[in-house]
Amino acid sequence: MAETTEHNTQSARGNRRRLQGRVVNDTASPGRAKKTVIVEVVRRFRDPVYGKYIKAKKKYHAHDEREEYMTSDLVEIRESRPISATKRWVVTRLLERPEKV
């Protein structure tokens, strides 16, 4: 008797977290992790006691299948199944690439 809505039919896979951040290391040197980029995500939140805004940074290892993302690119990453010992994220798209000087 319960009606099926979009919310009920959406699978758990569709609810994966998405974050934006800068690539701080593309690990392209020999002997390093291939197809991996390190993305630094900065979030701002208000301190509960003092009310000041605080920046918190966290680095995530993300999978880059085509090895196309370079250091200082702004990218979007998505949560995924464990790919390696440290990789739990996949780069989904490029948001901004700075101009080369």
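Values computed for the structure shown
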quantity	calculated
Pairs, first under 14 Å from T36 (Cβ atoms) in the range 51-73, second of a type in the set (F, W, Y) and surrounded by 11 or more Cβ atoms within 10 Å (Cβ to Cβ), C-beta under 8 Å, six or more apart	Y60/W89; H61/W89; A62/W89; H63/W89
Residue within the range 74-85 that is of a type in the set (A, V, I, L, M), out of contact with any His (no Cβ under 9 Å at 6 or more places or on another chain), at pLDDT 95 or above and loosely packed, with under 10 Cβ neighbours inside 10 Å present	no
Close pairs from the range 76-89: first within 19 Å of K34 (Cβ to Cβ) and hydroxyl-bearing (S, T, Y), partner assigned to a loop (DSSP other than H, G, I, E, B) and modelled with pLDDT of 95 or more, Cβ under 8 Å, at least 6 apart	S80/R88
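The values are calculated or read from the model by the stated rules, or taken from the named source; none is laboratory data. Keep in mind it's a predicted model, so treat the numbers as computed, not measured. No Cβ is skipped: glycine too gets one built from the backbone with ideal geometry, and neighbour counts run over all protein chains shown.
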